[in-house]
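Coordinate-derived values only; no laboratory data. Quick caveat, the model's predicted, so the values are computed rather than measured. Using ideal geometry, Cβ is built from the backbone for each residue, glycine included, and neighbour counts are taken over all protein chains shown.
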Amino acid sequence: MHEGVLLQIERAERVFGGGRTLFGQPKPAVHAVQDVTIDVRKGETLGVVGESGCGKSTLARMIVGLDAPTGGRILFDGRDLVAEAGRDLRRLAREVQYVFQDPVASLNPRKTIRTILEAPLIHLLHLGKGQREARLEELMDAVNLAPEFLDRYPHEFSGGQAQRIGVARALAANPKLIVLDEPVSALDVSVQAQVLNILDGLKDRFGLTYVFISHDLSVVESVSDRVAVMYFGRIVEVGPGRSVFRSPRHPYTHLLLNSAPAPGRKSLVSEDADTELPDPYNPPPGCAFYARCPRRTDMCNSRMPSLESVPGEEGHAAACFHPHGGT
Amino acid sequence: MAEAAAAPAKPAKTTSGRPDSLHLLLNNSLATAGLVIFALIVLAALAAPLLPLPDPDATAPANRLLRPLAEGHLLGTDALGRDILSRLIWGTRVSLAVGISATLIAAFFGSLIGLVAGYAGGRVDTLLMRGIDMVMAFPYILLALAIVAVLGPGLLNALYAIAVVNIPFFARNIRGIALGLSRREFVDAARLSGKSNTQILFVEVLPNVLPVIIITMSTTIGWMILETAGLSFLGLGAQPPQADLGSMLGDGRKILFTAPHVSIIPGTMIFALVMSINLLGDGVRDVLDPRLKSGALTRPVARTAVMRQIVPEDIRPDRNAVLDVRGLKTEFHFGGEVYKAVGGVDMAIGQGECLGIVGESGSGKSVSAMSIMGLVPTPPGRITGGVALLDGEDLFAATDERIRHLRGSAVSHVFQDPLSTLHPLFTVGDQLIEAIQAHQPLPKAQAREKAASLLKVVRIPNPAERLKSYPHELSGGMRQRVCIAMALANDAKIIIADEPTTALDVTVQAQVLSLLDALRKEHNAGILFITHDFGVVSAICDRVAVMYAGQFVETGTTDDILSSPAHPYTAKLIDCVPVLGQPERRLDAIGGRPPVVNRLPIGCAFAERCPRAQDDCRAAPIPVTELGEGRTVRCVHPLTGEAADA
Amino acid sequence: MTAYIAKRLLAAIPVLFGLTIIVFLIMAMIPGDPATAILGSYATPENVERLNRQLGLDKPLVQQYFIWLGNMLHGDFGRSYTLNRPVLDEVLERFSATLILAGTSLVLCSVLGLIAGVISAVRQFSWVDKIITFVVLIGISVPSFWLGLLLILVFAVDLRWFPASGMFAIYGGGDLPDLLHHLFLPALTLAVVATGVIARLTRTAMLEVLRQDYIRTARAKGVTENAVIYKHAFKAALVTVIPVIGIQAGFVLGGAVYIETVFQWPGIGSMLVKAISTRDLLLVQGGVLVVAAAYVLFNLAADVVQTILDPRLR
């Protein structure tokens, strides 16, 4: 095992559907995540970007044990997470926690904030009453909310406040790793920054490691040390944030970066109309980006490219036969 | 109209839910009447042993079939000379007890099955629900009859039969709700907090299902009383000498022609009882159903109500503008509160020009745009001031028919979520043809050709085939192209686009934006573009208006506003968003929250969150200052060029 | 589409089997000796013995079921001991009368319910809406068997507009006008509750649909308000109402038990009530099975209509 690696994902795969019907006909299957291999190092923020349907949320749910991979392994500190979560989610939940996309939906409307935040303290840490009180105060302070909010109900909070409560709940069990699944995309822009800044502060304060999942390139760029780009269930490019964003190798990453609107950017590069995701029930044999790719050749349609290191750039890899050159 | 719905959710809660609900229930006069009648009946039934009533089973053949108001027998006597009033009250007691017990039994078992099936999902769900489906495959009463037939007639057997046949009803209802709740994120969150499945089911899910169980019970209890009465009426429930309301009615039926009162009286009692329960049940449902609370079940009329208090006169219309809006005010009236969603907005759009309105949710940007053609739902929306001039014609003064004529022809719309904005049951072609034929008297074949050519314009491959598709068969990007094609159907002068790319992926967004940009140039149409994203603004808008709490705080060309914002809010809004290619930028969060639009301050609405705010900001309404050609700001301490750079 | 209908038809087969299982299990619940119960208290010991053997009552329950089912599939529903004729003959004869009554009611309640619901939604909060809502509430609260008695008292006894009972006049009847004359009161009574339920649901469905984004789109296109309501909104509302009409068919078929008893309509409902009170269990079993099977087929039809309307279900 690599020194300092907290989480190892080895050839993880998640197939939905499949199997056979009562009469033996095969049911259609969708590979939501396929052949994903990546390490998360202690103390870093790994950003995962991709568009809807690329499998990033499924990957996130597998890391925290809310979903089980149908193939491959996910090791946390060298222990097999999958096997463990199947038996008891609690051991895993003490190490790895999750922040949900929709802050309001992730809080039970009929429970006070105190009840919600106490749950992990009771069930995961088995704290006594006095210890819980102290911890609750600490948590509310960490996410910058007044302690008197503890006795209110979720509907009394704005989206930004609710998301901070979501973060506090994730923090409660003192985890080492937090998976953030689109934590700011449901929030108004002026509130996004509040939450992002708090997350940033907490990381240093509690020595956390983040896996940050988002469709928003600029947000991912601003928070991540390393970035993985997903397309159609696979990682197509991975590397240090700076090199991926400054000199993208995979044509998809290239397209993504050129499509993203930014203040002051006048024209967006856009493709022709007839270019969308392949049919998930009938995936192409080769590169999934083939149909949209300006650099495609025949070999792309017949063979699946694997992640290859980019020469001269430490840790940067792309799954493409014809990658863009460095700049 | 997410903004409108979001607004009333904000106000501070002063009371907890319970007294509030009871108060609401009593506000409903029908429900109150139901409650009073029901309470009286229940009281009489409970007090039956205490009341000075003759023995309900004492026969007196000499006094048989006395009419009502006979001496000593207020409601007369039946065929065996028994006192009807006494039998009525004792019978009501039995009917109530049976109805309520059956409801409780059905609710308990049905809800339990529904909860488990909905939460567990998978095989457990399939197995349980298949069983329930089997039971439901019988006509309801028939199954009860079969059960009674086998167990033998009797009140208790009738009770079991009615309870059993109602279990599926609860199970199905509760399962649907439990299934939805189990997929909610708070259930995952509870799991990650270390709770076990049983704990989650009964501590997290059940409290959220409880209102539905109560609603279902209140709607079924009347029904169960009816059904048990029915079985007794047929002679399969209560057996003599015991009597419930149904068996009294059944006895009376045999002498219907000679002594109708013997059957009419117990029937009236059943009716009164069930009616009062249903009135009450409706009231309970109205209080507990969130859809009714949020106004989701009020019908919006075809056009926003126009109730202008101020009609600006002697306006010098902007000669270059196709659409010229002055002083637009739109309000929402909800239960005595007035939400000033739009508080005086001016905007002008010229030929082929794109004006962007930028703001956060609740700022009133969508409402401003939807007000123009009267598409803000009424109730609760109403336009209370201003004019909207389309080529000089005041749209707020136009007739409904004139507005209908202009909608989709001179002014067309593109909305946010292309899945919900297209009708799911009509093909794309039908919907396009309808848009064309609404304004052009073309025969169907020609309209179809035109529809195909429109799809070609928005670069949809294979247009003739695509016309036959239903919206759900297309991808999000394709659907939005169809919506754009629809907006182009009648050569609109103005296209109002309300966050048209927000629901789309980045790469698809880029496609749609460049398409819109190209089309407005080709067709020379003006666009009013609503968005929250300055990046999107840069890509398409010539000019921008920044909106906050129902007013434009700053307007100007896109370049000017991005390079040197004058209003502190604009500056903050630009600085709080990460920008691609500048990962080291410090994000400057805006503290606090926007004001609620039913309690706006007198002065600047942003003052509470503004670092530059001084006393004069809060003292009086802030006037608009002209900074230059087409550049305005609503601020008394605007940023100068240097301050913005610093 | 054809493939879908075929698939639905195939899917109805297990449901029909399920029905037979439930009916079989209910019959197996009979306390005491089933053969005696089935043949009545006057049965000779030889007959009881023979029936016991025929039903395979000495064999395990599962085997008993298949013997029982085999008999059914051969059209052998047994003999009614009260009527002394094959159960199937009696049931089918009675069932046609019930179909006429229930079918008329179902058409009546669907048409009236949809119209009332749409008017009430379109004129929400007006006095028309309030009156409809209140009348509908009365409709679902009134015991139908009592309403039937009242209607007989008023229209048959007092006004003499309609006959009080039966399906045809005893002397000189038998033609269609005579049938309709007899049908009017019972069909109306039977339709009351279902009309109320359908009207309520239609109103809610219309109101919900009228709030949808695609209705706003239709208005934004400049479509006339009539087209918005009667084309766009009504079609979408119908998709939610049709399954409920299917369920109401069950209530109408079940409610026929009361109404046939009150109006002495010679249908399967009045037959069932008589059979239960005489404990003619084979007749009950046959009647329940046939009505339930008809109900399953009707729901199948409702499903298919819904699928034709809603392409998303295909």
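Computed quantities for the displayed model
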read-out	value
At R0 = 25 Å, FRET efficiency that the Cβ-Cβ distance of residue B:210 and residue B:100 yields, to 0.05	0.85
Pairwise Cα inverse-distance average, inverted: Kirkwood Rh of chain C (Å)	22.3
Proximal charge balance of residue A:223 [Cβ under 14 Å; K/R count +1, D/E count -1]	-4
Difference of contour (0.36 nm per residue) and Cα-Cα distance, residue C:28 to residue C:5	4.8 nm
Extension gain (nm, one decimal) between residue A:144 and residue A:16, 0.36 nm per residue minus Cα-Cα	42.1 nm
Estimated FRET transfer efficiency when R0 is 45 angstrom, pair residue A:52-residue C:138 (beta carbons, to 0.05)	0.35
Label-point gap, in nm, between residue C:159 and residue C:49 - each point 7 angstrom along Cα→Cβ	6.3
Ellipticity estimate at 222 nm from DSSP helix runs (n ≥ 4, -39,500 (n - 2.57)) divided over chain C, nearest 500	-25000 deg cm²/dmol
Residue-averaged [θ]222 nm for chain B, counting only DSSP H segments that reach four residues, each worth -39500 (n - 2.57)	-15000 deg cm²/dmol
Estimated vicinal HN-Hα couplings, Hz - the range C:283-296 in sequence order (Karplus 6.51, -1.76, 1.60; Gly, Pro = x)	5, 4, 4, x, x, 4, 4, 5, 5, 4, 5, 4, 5, 4
Stretchable slack from residue B:130 to residue B:196, in nm (0.36 nm times residue separation minus alpha-carbon distance)	21.1 nm
Footprinting exposure proxy for B:536, B:36 (fewest neighbouring C-beta atoms within 10 Å first)	B:36, B:536
Evaluated over the range B:589-645, the Cα radius of gyration and Dmax, each in Å	12.5, 36
Förster radius 41 Å - calculated FRET efficiency between residue A:298 and residue A:242, Cβ distance, rounded to 0.05	0.75
Within the range B:161-231: Cβ-based charge dipole about Cα centre, in debye rounded to nearest 20 (Lys, Arg +1; Asp, Glu -1)	180
With Cα atoms, 0 to 90° folded angle of helix C:176-210 axis to chain C main axis	50
Residues with amide H under 5 Å from that of residue B:75, placed H, sequence gap 5 or more	B:69, B:84, B:85
Assigned charges on the beta-carbon of Lys, Arg, Asp, Glu; chain C dipole about Cα centre (debye)	1260
Separation of alpha-carbon centers, the range B:566-585 and the range C:202-257, rounded to whole Å	48
Chain A - share of DSSP beta bridges that are antiparallel (%, nearest 5)	60
Loop-exposed GluC sites (Glu not before Pro) per DSSP, neighbour cap 13 Cβ within 10 angstrom, longest uninterrupted part of chain A	A:4-313
Local electrostatic count, residue B:489, Cβ distance below 14 Å [Lys/Arg +1, Asp/Glu -1]	+3
Estimated distance in nm for a label pair at residue B:71 and residue B:618, the labels positioned 7 Å out from Cα along Cα-to-Cβ	8.5
Inter-label distance for residue C:297 and residue B:242, nm, one decimal - labels placed 7 Å from Cα along Cα-to-Cβ	4.0
Net charge of Cβ neighbours under 10 Å - reference residue B:532; Lys, Arg +1; Asp, Glu -1	-3
Under 23 Å from residue B:444, Cα to Cα: lysines that are on another chain or at least 8 residues apart	B:456, B:468, C:221, C:231, C:235
Helix-only CD estimate at 222 nm, as mean residue ellipticity for chain A, using -39500 (n - 2.57) per DSSP H run (n ≥ 4)	-9000 deg cm²/dmol
Nearest-ten-degree value, helix C:2-28 long axis tilted from longest Cα axis of chain C	50
Nearest-ten-degree value, helix C:45-55 long axis tilted from longest Cα axis of chain C	50
